[in-house]
Amino acid sequence: MSYRLKRKETPRQGVRRVADEQLGRALESLREAPDRAEAVHDARKRLKKLRAVVRLVRDEVGEKHHRHVNARLRDAARRLSEARDAEVLVETLQKLRRHFDAVTYARAFDGAERELARRRDAATRALLEEGERDEQVAEELEAARAGLADWPVDAKGWSAFSGGLERVYRRGRKASAAAYESGRAEDFHEWRKRVKYLWYHLRLLQTAWPSVLEATGGEAKRLSDLLGDDHDLAVLRRTLAAEPDAFGPPLELEALDGLIAGRSAELRAEAQPLGRRLYAEKPKAFRKRIEGYWRAWQDGEGGRTG
């Protein structure tokens with residue numbers, strides 16, 4: 001329930017509470033969790049959720065403040081990313097193997113999986129040996145937490161969220177069209193980021209009408225997962241192409257590349273109708289609909305009080 005806005009809170013109180021909780025839990029993971037690899041993964045997820053909060057009140061905090069806070073959180077997450085990124089490549093290859101599950105393709109995965117696992121293990125060892133970087137990031141997050149009091153969220157009601165929600169929805173809608181028009185991995189990745197921000201915003205606002213917004217948020221998450229799997233395949237493909245001699249014989253890599261391309265096409269085909277439904281409304285109409293739920297909830301006409 002912590003990543004939800006509550007009816008009795010002002011926007012200032014709500015976003016600061018949520019932001020403080022996410023920063024507190026990220027710090028707890030970095031400083032107290034026994035499994036450091038898992039701690040880093042958890043901290044990075046918290047920072048993504050926090051960046052979504054900043055985007056929701058972007059018009060309130062102002063462009064300069066938004067850019068400053070967003071850059072600080074983004075850079076902190078990147079400093080924690082190396083070991084997790086190496087693990088994701090291994091997981092992506094294993095998911096691809098399970099998806100095709102055919103003896104015919106078995107050898108196509110072997111060389112790549114061995115090398116990716118070696119790199120993952122090396123990155124994990126480096127992570128476990130280096131506590132200083134975690135503490136540096138933790139100090140950055142402590143400073144960000146202290147700065148929450150400076151977030152200029154002054155609006156008393158819906159107007160604090162209106163512009164941020166509509167902007168994220170509009171950009172996701174445009175990104176969807178751009179991705180299918182170009183077919184480029186970068187454009188699908190950009191769409192995925194917009195979808196994920198929308199999912200987080202729906203979670204924050206969910207208590208305005210839980211049964212409706214939870215369902216819509218669930219579809220946004222499903223779409224984000226599909227596009228996330230597609231992005232992971234694109235990163236895997238670039239990694240293999242950058243150092244082909246390290247990952248196996250040319251014929252095996254050629255077969256693997258074909259499987260990656262085929263699975264990517266499947267994921268994009270599955271994502272397209274889901275994206276059309278999620279972004280079926282014009283941005284202004286979407287914003288007004290969510291605003292209607294919010295105002296009815298604030299007036300005590302439905303939803304949980306939180």
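Key figures for this structure:
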| read-out | value |
| --- | --- |
| Failed condition for E82, given (1) touching a Lys or Arg at 6+ places or on another chain (Cβ under 9 Å); (2) closer than 24 Å to A126 by Cα | (1) |
| All positions within segment 119-172 that are of a type in the set (K, R) and modelled with pLDDT under 95 | R119, R120, R125, R133, R145, K156 |
| Residue ID - modelled with the highest pLDDT, chosen from residues in segment 248-267 that are of a type in the set (D, E) and surrounded by 15 or more Cβ atoms within 10 Å (Cβ to Cβ) | D257 |
| Selected residue (only one of R4, R25 is buried (at least 16 other Cβ atoms within 10 Å of the Cβ) and within 23 Å of S159 (Cα to Cα)) | R4 |
| Residue identified as basic (K, R) and touching a residue at least 24 places away in the same chain (Cβ under 8 Å) among R58, R78 | R58 |
| Residue among R287, R295 that alone is among the basic types (K, R), under 17 Å from L165 (Cα atoms) and buried (at least 18 other Cβ atoms within 10 Å of the Cβ) | R287 |
| Any chance E142 is farther than 26 Å from D229 by Cα, in a helix (DSSP H, G or I) and out of contact with any strand residue (DSSP E or B) (no Cβ under 7 Å at 6 or more places or on another chain) | yes |
| Single match in G183, G218 (criterion: at positive phi, of a type outside the set (A, V, I, L, M, F, W, C), at pLDDT 95 or above and surrounded by fewer than 22 Cβ atoms within 10 Å (Cβ to Cβ)) | G183 |
| The listed residue being more than 30 Å from L5 (Cα to Cα), touching a residue at least 40 places away in the same chain (Cβ under 8 Å) and not small (G, A, S), out of E243, E219, E252 | E252 |
| Among the candidates V137, V153, residue that is assigned to a helix (DSSP H, G or I) and of a type in the set (V, I, T) | V137 |
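Conditions tested, residue by residue: (1) out of contact with any helix residue (DSSP H, G or I) (no Cβ under 7 Å at 6 or more places or on another chain); (2) crowded, with 20+ Cβ neighbours inside 10 Å; (3) of a type in the set (S, T, Y); (4) within 26 Å of E9 (Cα to Cα).
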position	(1), (2), (3), (4)
L202	no, yes, no, yes
A208	no, yes, no, yes
L226	no, yes, no, no
D229	no, yes, no, no
L236	no, yes, no, no
A241	yes, no, no, no
A246	no, no, no, no
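The values are calculated or read from the model by the stated rules, or taken from the named source; none is laboratory data. Computed from a predicted model, the values in this text were never measured in an experiment. Here Cβ is always computed from backbone atoms with ideal geometry, including for glycine, and neighbour counts include all displayed protein chains.
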